[in-house]
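The structure under discussion appears below in the form of structure tokens.
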Amino acid sequence: MAQERGHWSSRFGFILAAAGSAVGLGNIWKFPYITGENGGGWFVLIYLGCIAIVGLPIMMAEVLIGRSSQLSPVGAFRKFSHGGSPWMGIGWLGVLAAFVILSYYSIVAGWAMHYTWLSVSSGFAEMETDAIGALFGSVYENPWINIGWHAAFMAITIAIVAKGVHGGIELASRVLMPVLFIILLVLLIYAATSDGFAQAFKFIFMPDTSKLTGASVLEALGHSFFTLSLGMGAMITYGSYLHKKDDLVSTSITIAILDTGVALVACLVLFPIIFSVGMDPAAGPGLVFVSIPIAFSQMAGGAILAPLFFLLLTFAALTSAISLLEVAVAYFVDEIKIPRVIATVMTGVVIFIFGIPSALSGGTALFGSGFSDMTQSIFGEGDGKNWFDLFDYLASNWMLPLGGLGIAVFVAWRMGDKAREEGFKTSNHLGKMYWGWVFLLRYIVPIGVLAVFLHAIGII
Ligand code: PFF
């Protein structure tokens, strides 16, 4: 490739950026609420199993493809197969997934920004419980709040990605990730001293089968793709900015441990707070935006902790959004040879526009009867999904698992010895893990992903 590619300044820089991609709304917003809905305990154990036997092997496969090709996904698949090869479709699917996911991810990130602002400017302490509960509904329904914060969040994401790998993405991760870990630690200490901690600890770690269903297992599996940023080439792209000598195995394990650690700590922060004020852990997507502000409004120190919590959520979302945008930008820079700044602004603006239907999905007065009604009737009555739900569903249940399956099959069946040479030769330890890794990619990952698909179409 004639163009000069950026690189991380060190392996540590890569770990921070990749952990920044992995740690996001999936850890702090989604994981706690799906854990709550699935009864804690067993669900957490199954999730840990999915991370170890499906997520981690795919993460290693992605970093390997990126590091050894030094190219973004489409180019990487071309390099290891041939021009015009259908494998390149996995790369394109990833670019499409970046557009789909970031367009609605940015809306949730916008709520986090809005709540940061609300908790600083007016505070929740003076508000009645019912009013805080109603607030989220009114935010979701308000087109201007959603679109405004969506625009602000996308503008910040664009500004960082436009500055490139080293001076933009890595720098942002080096600043934001340590802040994120410190905030999380402060919140954990606070939660650990609250009344609900023992109950929460039991809820998260004591296996209880009563709420566990087959669907829970598949939900855990699907979420392991999303939370580790797998299946759409984000780790291929980030891996392509690694130097070839950087170790693959220990790096991937570190990222997976950081991501899982943050998800568990997020539960250990949220559930004690929820239990302390006697609220329901199975509150669904509103857990973070409804239950938590209510809980903070009733707790000592809530006026300081609430802004900290929403800032944490915003930072986590930002470092993930950067990686989503980078997947699309890297494609235009590497393949179409568009200068980075132009590619970033162009892609970011298109994603912003793509996100507008999601911003209006709460049902708004903008189009009379509400955009959500319109999209619900387009995409089916009954459990009709609005645009926002549809994008989330498509990405988490179809695009990422499909991409992950393709990547696993490609590395384990198609690359063969090349994968061993590229991935494990430079790894001075764990070389023997190679066959275990290939076994998981060849058999276990495809069976798991197939089960997710069969479930999604209602066969199992
Ligand atoms: N891993 C992110 C989260 O847990 O919020 C979401 C994500 C980021 C998914 C980047 C996919 C991706 F490429």
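The values are calculated or read from the model by the stated rules, or taken from the named source; none is laboratory data. Bear in mind the structure is a predicted one, so any value in this text is a computation, not a measurement. No Cβ is skipped: glycine too gets one built from the backbone with ideal geometry, and neighbour counts run over all protein chains shown. With ligands, DNA and RNA removed, areas are computed over all heavy atoms of the protein, side chains included. Shrake-Rupley method; radii C 1.70, N 1.55, O 1.52, S 1.80 Å.
Computed values, structure above
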{"item": "Where GluC sites (Glu not before Pro) fall in DSSP loop in segment 123-194, at most 11 other Cβ within 10 Å", "result": "E126, E128"}
{"item": "Whole-angstrom gap from segment 13-74 to segment 126-172, using each part's C-alpha centre", "result": "23 Å"}
{"item": "Solution diffusion estimate, µm²/s, Stokes-Einstein, the chain, Kirkwood Rh from C-alpha pairs, 37 °C, viscosity 0.692 mPa s", "result": "148 µm²/s"}
{"item": "Cα-based Kirkwood hydrodynamic radius, segment 145-186, one decimal, Å", "result": "11.5 Å"}
{"item": "Sparsely packed trypsin sites (Lys or Arg not before Pro) within segment 1-61, loop by DSSP, other Cβ within 10 Å at most 16", "result": "R5"}
{"item": "Principal axis box of segment 306-351, alpha-carbon based, largest edge first, Å", "result": "44, 15, 14"}
{"item": "Volume per residue that the Cα convex hull of segment 211-311 spans, once the total is divided by residue count, Å³", "result": "142 Å³"}
{"item": "Over the chain: helical MRE at 222 nm, DSSP H runs n ≥ 4 each giving -39500 (n - 2.57), nearest 500", "result": "-21500 deg cm²/dmol"}
{"item": "Dimensionless Rg over Rh [segment 165-261; C-alpha; Kirkwood]", "result": "1.05"}
{"item": "Cα convex hull volume per residue for segment 1-148 (Å³)", "result": "201 Å³"}
{"item": "Within segment 391-460, trypsin sites (Lys or Arg not before Pro) in DSSP loop having at most 12 other beta-carbon neighbours inside 10 Å", "result": "K425, K432"}
{"item": "Note, ³J(HN,Hα) from phi for segment 209-216, Karplus 6.51, -1.76, 1.60, rounded to Hz, x at Gly and Pro", "result": "7, 4, 9, 8, 10, x, 4, 5"}
{"item": "Phi-based couplings in Hz for segment 130-141 (Karplus 6.51, -1.76, 1.60; Gly and Pro marked x)", "result": "4, 5, 5, x, 6, 4, 4, x, 6, 5, 4, 7"}
{"item": "Accessible area per residue in Å² at 1.4 Å probe, computed on segment 1-123", "result": "27 Å²"}
{"item": "Heavy-atom accessible surface of segment 1-87: percent carbon and sulfur, 1.4 Å", "result": "63 percent"}
{"item": "Cβ-Cβ FRET estimate between R442 and I182, R0 fixed at 25 Å, reported to 0.05", "result": "0.05"}
